[in-house]
Structures are given as C-alpha cells and as structure tokens.
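Enquirer: Next up is a structure, given as structure tokens.
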Amino acid sequence: MDMHTVVVGTSGTTAEDVVAVARHGARVELSAAAVDALAASRLIVDALAAKPEPVYGVSTGFGALASRHISTDLRARLQRNIVRSHAAGMGPRVEREVVRALMFLRLKTVASGHTGVRPEVAQTMADVLNAGITPVVHEYGSLGCSGDLAPLSHCALTLMGEGEAEGPDGTVRPAGELLGAHGITPVELREKEGLALLNGTDGMLGMLVMALADLKNLYTSADITAALSLEALLGTDKVLAPELHAIRPHPGQGASADNMLRVLAGSGLTGHHQDDAPRVQDAYSVRCAPQVNGAGRDTLDHAAVVAGRELASSVDNPVVLPDGRVESNGNFHGAPVAYVLDFLAIVAADLGSICERRTDRLLDKNRSHGLPPFLADDAGVDSGLMIAQYTQAALVSEMKRLAVPASADSIPSSAMQEDHVSMGWSAARKLRTAVDNLARIVAVELYAATRAVELRAAEGLVPAPASQAAVAALRAAGAEGPGPDRFLAPDLAAADAFVRAGGLVAAVEPVTGPLA
C-alpha cells in the first residue's frame, strides 16, 4: 500500500485524494478539527434524542415509516436494523476501488460535522480503510436517491462486524473475523448513525471522479492517435492552425488542435498527396477531430466542476446545522451527478465513433491514399487488421447503447415517498464500462495508425519525431509492427494496456512538451 496519507477535515476533499485512497491505498487520518466537529454535532443529536418530541432520523422511523416515534430502548435496534435491511444488494461484486472510494467519501461527509455521528464511528471507518478491508458490495441496489443506499449499507454492515468483506490478501471472509484480525472493534450504532452512514451520493461520485481521471488520459491519447491517423493518411495539418480555432473559441477545441499540431511538428507526411488530383480537404473524421475531441474535453471540464462541488458537500438527511437544528432536506438526490455521468457516456461514445471511422479509412484501399488493403503484408493471403476493425466496431456499437441516459429514467420506491429518483449509480456503472471500451477503441486506432505510419516510412516519407517516439514506445510495449498475419489479440491487448496506463502520452511528451 502507498504510505501517502490523506487527512480528512471538515471542508470536503479533492479528486486527487479520492484517487489516492481508492486506487493507490493511501492511508486516511481524521484532522483534529474533524474530531472536534464530530463531537460537537453529536452533542446536538444526544440532546435532541433526550427530548420527548420526535426528530426524523433520531427518534423516528425512516422514509415512508417516518411517522412512527421510536422509544429510547428500541433506537439502537432501529439503527442496526436499517443497516441490515438496506444491505440488500444483488449481482456481481463491484470493484475494490469503487468500494474504497465509496467508504472514503462517506467518511468525508461524516467528518464535516453535519451528520451527528460520533468520532469513534468515523475513526472505525478510517481504520477499515487503512487495514485494506473492502466490504462486499453488489452491482444492483441503488436508485441514486436517498443516497446509494444498498452499497453504503453493505459498507456499514462491515463496520458492525457483520456480512462479508475482502481482506488485504484478496480473500473474502466474514467481516467480524477480518475486523478482529486487525484489532478493530465493531461499532454499536446509536441514534441517527445508521441513517448517516447510508444517505449519500458517494458511490456515483467516486465513480465520476475516477472516470474523469481516466478520460483525461484517453482524450489526450485520442488527440495523439488522431494526429497519427492524419499523418498516415497524408492529410493536411493546416486545419489545425491556431487562428482557425481562435475564431470559434471553445477551449477544448483549441487544446485538442494544439495537441495535434505539436504531435505533427516536423512531419514529412502531412500534405504529401499520392493522388493524381490533390485533395482540397480531408474527411470529417480527420478534419474535425479537434472539434469533436474538444467538445468532449469541455464536457469533462463541466463534469469536473460538478464533481468539485459535490466533493465539497455534506450529503445527508437529516443534517445537523451549526445553530443546533437538525433538518430534513433533499440534498441526497443524485441528479447533479447523474446528469454529468450520462453526459460523459455520450461524449465517450462519440469519441469512440470518430476513432473507428479513421481506423476504417486507414484500412480501405479506396480511401487510404496508397496504403495496402487492411494494412496487410500480402493482401488476400493476409487479412491484416480487417478483424481488428470489426472488434473496434463492436465496441463502438456497445458504446452507443451505453450512451442512452440512465438519468432520464425514474422508478418510484418506498411506498411512493421516494417517488422520483436519479438512477445515478446506474449511470456511473455504465460509464465505467464505456471508459473501458473507449480505451480499447483508442488502442485499435493507435495500432492501425502506427502500422500505417511505418508503412509510409518504408516508402521514404519521414514521420514526425513525436510519431516516431509513439511507434517505438508501442513496439517496446509488445505490440508488433507490420508483417505477415499473426495471432493479433495479444498485440491489441498490449496496445490497450499501453494506452490505459498513460504510456502513449508519456512517450510523446518528451518531444512535444506537456500536452493538454
């Protein structure tokens, strides 16, 4: 585990800290200010619990059962019961990094002092994270309203020493055994604490933050592959001139055009037409790459703004206010996060689509301007990259299905008390699949474009220095160059791993300087 430590205070957290804890095992500590805020808000909850008047979440039932006043002797049971009953997820387990993000973000809200949770409960949450214990959380169970209820309930169940969890060695065991093995005492929940552990947008937010990190790399990688394809197709880089993009000043468009222009600097291929009649202009998939990639970049920026606001938020119901009131609210509704999760699935699908169109153009002898059919060594005997494009096309088709928004749906629950929900968890789950697919799609274009650039180089045309660096790094990563047909899946897998890990960006930036 990474020994980097993330300190959780009262004012939220950062995207970088979420990734550090979720993916890299960073340790978590509560700040002194957070401990003080937790203690202060707990005093307010304890005082309200002692009063005869019912207070939602403290001395009442929940949701459609909120009208029942719960007597003092039943309140601990009530908090245990809400966790047990809400831990009702089904389906496959979600990924470890998602569960760690889910737990960390819930701890972030608890530490704000707006939930009324005792300091010792928050410390147990941190201890579970630091021990590398990961609750078993299932794919289905959240409607993205009243929080990611079932996923968070499975995490809370682990804090109670119940249910199942995965240890740091990857073995799933009873949660109580794992807590005991790490010297962690299970919590006994008191008034409001069960509810406070369940009522947040933490799962969908964690997946949004990680998707943004992945998409930032993929968008820069896609700018590079678009430049390589333009070069391999002997296209013109004149359309990338800054003055052309300045008159339509979308920030992402300008950034993508600049990335491509820097990758193509010094190329001996651009504008070198082999056709009898020089092209007046390139196809849209080549010429409009900055516009498409850039619009996606701007969508990422909008989603990052929403994520930043949510990372600074305290999402719970009811909440403890500084003046001592405990008030019900609707801040647990996932709509703000759900919408941008769906927006990202849409732009990812469109980016995948334009990548595939350039790949197809590279393989079609009628549109590739002198490249061999399917970039094959001996076309007819060899099929070249014909089926690599089929695989890419299948991925693009699935991306279009994944782009159908989950947030446009709502299904009533809790006896119509919760009659409009966000479906944000579902939006996040399908976005994770879309991001995975996009990496594969970009990798196929990269594999085709580098092969095409090498074939041009064999003709005596000198690729740009950045292109040469990309080719060399990809080959070193295990994806081989032109030649007779061979078992292709390992090459595509190597290209995928190379792109996904940021290898393409890292390969060209020593030549181009930092890319956007």
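Enquirer: Indicate, rounded to the nearest 5 percent, the antiparallel portion of the DSSP beta bridges found entirely in the chain.
Expert: Taking every DSSP beta bridge with both residues in the chain, the antiparallel ones total about 70 percent.
Enquirer: What's the carbon and sulfur percent of the chain's accessible surface, probe 1.4 angstrom, rounded to a whole number?
Expert: Working: 11360 of 20010 Å².
Here it works out to 57 percent.
Enquirer: What is the sum of charges around Leu515, taking Lys and Arg as +1, Asp and Glu as -1, for the other residues whose C-beta is under 10 Å from the C-beta of Leu515?
Expert: Details: positive: Arg262; negative: Asp223, Asp258, Glu509.
So the surrounding residues net to -2.
Enquirer: Just to verify a number: what accessible area does Arg440 come out at with the full protein assembly present, 1.4 Å probe, Å² rounded to tens?
Expert: 90
Enquirer: Enter the Cα centre distance for the pair the stretch 1-75 and the stretch 123-148, rounded to the nearest angstrom.
Expert: Going from one Cα centre to the other spans 14 Å.
Enquirer: Have a look at Pro318, Tyr219, Gly235 and report the one farthest towards the positive end of the charge dipole of the stretch 209-325, computed about the Cα centre with Cβ charges (Lys/Arg +1, Asp/Glu -1).
Expert: Positive-end residue among those listed: Pro318.
Enquirer: For the stretch 113-186, how big is the tail of P(r) above 20 Å, as a whole percent of Cα pairs?
Expert: On the way: 837 of 2701 pairs.
Beyond 20 Å sits 31 percent of the P(r) for the stretch 113-186.
Enquirer: Largest first, how would Arg106, Arg429 line up by accessible area (1.4 Å probe)?
Expert: Per-residue accessible area, sorted high to low, gives Arg429, Arg106.
Enquirer: Now for a separate question. Tell me, in nm to one decimal, what length is gained between His69 and Asp46 on full extension, where the rule is 0.36 nm per residue of separation less the Cα-Cα distance? It would help to have the intermediate numbers written out before the result.
Expert: Working: separation 23, 0.36 × 23 = 8.28 nm, distance 1.61 nm.
Length difference between fully extended and current span is 6.7 nm.
Enquirer: Charges only on Cβ, +1 for Lys and Arg, -1 for Asp and Glu: so what's the dipole of the chain about the Cα centre, in debye to the nearest 20?
Expert: I would put it at about 580 debye.
Enquirer: What do you get for the angle between helix 119-130 and the principal long axis of the chain? Use alpha-carbon atoms, 0 to 90 degrees, nearest ten.
Expert: 30
Enquirer: Excluding Arg190 itself, calculate the net charge of residues whose Cβ lies under 14 Å from the Cβ of Arg190, where each Lys or Arg counts +1 and each Asp or Glu counts -1.
Expert: Result for the local shell: 0.
Enquirer: On to the next question. Mind pulling the angle between the C-alpha long axis of helix 424-458 and the longest principal axis of the chain? Nearest 10 degrees, somewhere in 0 to 90.
Expert: Orientation of helix 424-458: about 20 degrees from the principal axis.
Enquirer: I'd like the GluC sites (Glu not before Pro) in the stretch 25-109 restricted to DSSP loop residues with at most 16 other Cβ atoms within 10 Å, sorted by number.
Expert: Those that pass, being in a loop and sparsely packed, are Glu95.
Enquirer: Let me ask another. Rounded if a/c is under 1.5, else prolate if a/b beats b/c, else oblate: with a ≥ b ≥ c from the C-alpha gyration tensor eigenvalues square-rooted, which is the stretch 190-349?
Expert: prolate
Enquirer: Can you tell me which lysines have their Cα less than 17 Å from the Cα of Lys400? Leave out same-chain residues fewer than eight positions away.
Expert: Filter leaves Lys430.
Enquirer: Could you point to the residue in Ala88, Gly57, Val6 farthest towards the positive end of the stretch 1-101's charge dipole, with +1 and -1 charges on the Cβ of Lys/Arg and Asp/Glu respectively?
Expert: Result: Ala88, furthest along the dipole toward the positive end.
Enquirer: Tell me which of His245, His272, Leu515 sits at the most positive position along the dipole axis of the chain, charges placed on C-beta atoms (Lys, Arg +1; Asp, Glu -1).
Expert: His245
Enquirer: Same structure, new question: If you count only protein heavy atoms with a 1.4 Å probe, what accessible area per residue comes out for the chain, rounded to a whole Å²?
Expert: 39
Enquirer: From largest accessible area down, sort Asp202, Asp419, Asp360, Asp169; use a 1.4 Å probe on the protein chains.
Expert: Asp169, Asp419, Asp360, Asp202
Enquirer: Give the long-range amide H neighbours of Thr60: residues separated by 5 or more places, or on another chain, with amide H under 5 Å away, using H modelled in the peptide plane at 1.01 Å from N.
Expert: Val55, Ile70
Enquirer: Cα axis of helix 489-500 to longest principal axis of the chain: angle in degrees, 0 to 90, nearest 10?
Expert: Relative to the chain, helix 489-500 is tipped by roughly 60 degrees.
Enquirer: Could I ask something else about it? Among the lysines, select those whose C-alpha is under 22 Å from the C-alpha of Lys51, and discard any that sit fewer than 8 residues away in the same chain.
Expert: Within reach: Lys192.
Enquirer: Between Ala312 and Arg23, 0.36 nm times their residue separation minus their Cα-Cα distance comes to what? The partial results should precede the final answer.
Expert: On the way: separation 289, 0.36 × 289 = 104.04 nm, distance 2.05 nm.
Gain on extension, Ala312 to Arg23, equals 102.0 nm.
Enquirer: Another question, if that's okay. Where Lys and Arg each count +1 and Asp and Glu each count -1, what net charge lies around Leu261 among other residues with Cβ under 13 Å from its Cβ?
Expert: Values: positive: Lys238, Arg262; negative: Asp223, Glu231, Asp237, Glu243, Asp258.
Local net charge: -3.
Enquirer: Once every DSSP H run of n ≥ 4 in the chain is given -39500 (n - 2.57) and the sum is divided by its residues, what mean residue ellipticity at 222 nm do you get, rounded to the nearest 500 deg cm²/dmol? Write down the numbers at each step before the final one.
Expert: On the way: 19 runs with 281 residues, N = 516.
Counting only the DSSP helices, I get -18000 deg cm²/dmol.
The values are calculated or read from the model by the stated rules, or taken from the named source; none is laboratory data. Source: prediction; values computed, not measured. Using ideal geometry, Cβ is built from the backbone for each residue, glycine included, and neighbour counts are taken over all protein chains shown. The accessibility values were calculated without ligands, DNA or RNA, using every heavy atom of the protein model including side chains. Shrake-Rupley method; radii C 1.70, N 1.55, O 1.52, S 1.80 Å.
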